Amino acid sequence: MPHTLLLAEPRGFCAGVVRAIDVLDAVLDREPAPVYAFHEIVHNRHVVDGFRQRGAIFVDSLEEVPEGSRIVFSAHGVSPAVVEEAERRQLRVIDATCPLVTKVHLETRKAARDGFEILLVGHRGHDEVVGTLGEAPERTSIVDSAEDVRALSERTKPVFVVTQTTLSVDDTAGVIDAIRSRYPEAQVRNDICYATTNRQLAVRTIAERSDLVLVVGSINSSNSVRLQQVAASTGTPAYRIDGIEEIDPAWYDGVEVVGLTAGASVPDELLDPIIEDLKRRGVTRVEPVVVAEETVVFQPPSGLDPGRA
Ligand code: SF4
């Protein structure tokens, strides 16, 4: 049975998620329910369920929101069309988009203005990609793989590349290589964020020393799914779980060292019962494995000044 637990650091909440959660938390404290949020505020079932119990209503269409209501945009960002629709409906918006996602929107908007054709490396249908695509839909193609790049038609204009913030660092390098070999003049912005990069490095490091890796995070959390894939790519069995209830004890058979991490939208308290359970199973050594120190903090968005929310 396991005797050692390796805890990846950094893991769990990033600065963008902390900011988005703080925003919705503050609005719910100050205003009567219901408060609306466009899309899940962050991609974590436990976090979203907790807000639902406090009166938050998560919607995927602004048509579901009565005119004049308070609405919070999620950390993943929204397209300009959604912003315009919110204005038309006179919704009182607080935008909790992560500033690192906003940066990708601004890059995309400028590139479109400057006459580029844009390649957006990312997963079709993900909230963040839908929002970024909306900056210049007529000039943007989504590519998710080197095969997608090879299938593109010839570009008649210069090419500009942006990426989703939560992609696999290794897979994206392959896609960008394919873009560079097809369009040697392409201007490339790799927008994978610091939190994604650090968590992938940390999970790879613990996976190389573990017999089993557990990644806490929801199925719709892109960065959590990537962490499981990065861990599994080392050859170590790796499972993504929403919480302790999804662990099959048979996974621990023959395992001496367990690695544990969590996606950027996961509260650390979800790991506590897993750690306690592992101690009951015989783990006597808990070792944090630190690959980076994170000091990033984002300021609250406008509209959240004291008394104004
Ligand atoms: Fe921002 Fe990165 Fe966190 Fe997404 S994962 S909210 S881009 S810091």
With charges set only on the Cβ (+1 for Lys and Arg, -1 for Asp and Glu), what does the dipole of the chain come to about its Cα centre, in debye to the nearest 20?
-> 560
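Please list E107, E84, E9 in order of solvent-accessible area, largest first, computed with a 1.4 Å probe with all protein chains present.
On the way: E107 30, E84 100, E9 60 Å².
From most accessible down to least: E84, E9, E107.
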Okay, which of the stretch 267-288 sit inside 17 Å, backbone N to the point 7 Å along the Cα-Cβ direction of W251?
-> 267-283
Where nothing but the Cβ of Lys and Arg (+1) and of Asp and Glu (-1) is charged, how large is the charge dipole of the stretch 100-188 around its Cα centre, in debye to the nearest 20?
-> 320
Based on the mean of other beta carbon atoms within 10 Å per residue, what is the order of 231-241, 165-175, most packed first?
-> 165-175, 231-241
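Could you state the accessible area per residue of the chain in Å², with a 1.4 Å probe and every protein chain left in place?
44
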Counting only protein heavy atoms, what percent of the accessible surface of the chain is carbon or sulfur at a 1.4 Å probe?
-> 49
H39 accessible area, 1.4 Å probe, all protein chains in place, Å² to nearest 10 | 30
Normalised per residue, the volume of the convex hull around the Cα set of the chain (Å³) = 141
Could you please put L120, L133 in sequence from largest to smallest accessible area, using a 1.4 Å probe?
-> L133, L120
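Any chance you could list the semi-axes, whole Å, largest first, of the equivalent ellipsoid that the Cα gyration tensor gives for the stretch 36-140, using √(5λ)?
Numbers: eigenvalues 135, 51, 21 Å².
So the equivalent ellipsoid measures 26, 16, 10 Å along its semi-axes.
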For T234, residues with placed amide H under 5 Å, excluding near neighbours | none
Mind checking which of P34, I241, L201 is farthest towards the positive end of the chain's charge dipole, using Cβ charges of +1 (Lys, Arg) and -1 (Asp, Glu) about the Cα centre?
-> L201
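More than 18 Å apart: what percent of Cα pairs in the stretch 15-97 qualify? Numbers along the way, then the final one.
Working: 1113 of 3403 pairs.
Roughly 33 percent, once rounded to a whole number.
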Ordered by residue, what ³J(HN,Hα) values in Hz, to whole numbers, does the stretch 131-136 give under the Karplus form 6.51 cos²θ - 1.76 cosθ + 1.60, where θ = phi - 60° and Gly and Pro are x?
-> x, 5, 4, x, 5, 7
Simple spin-label model, 7 Å along Cα-to-Cβ: E269 to A173 in nm?
-> 3.9
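The values are calculated or read from the model by the stated rules, or taken from the named source; none is laboratory data. These numbers were taken from a predicted model, which means no experiment stands behind them. Cβ atoms come from the backbone with ideal geometry, glycine included; neighbour counts cover every protein chain shown. Ligands, DNA and RNA are stripped out before the accessible areas are found, and what is left, the full protein with its side chains, is counted by its heavy atoms. Shrake-Rupley method; radii C 1.70, N 1.55, O 1.52, S 1.80 Å.
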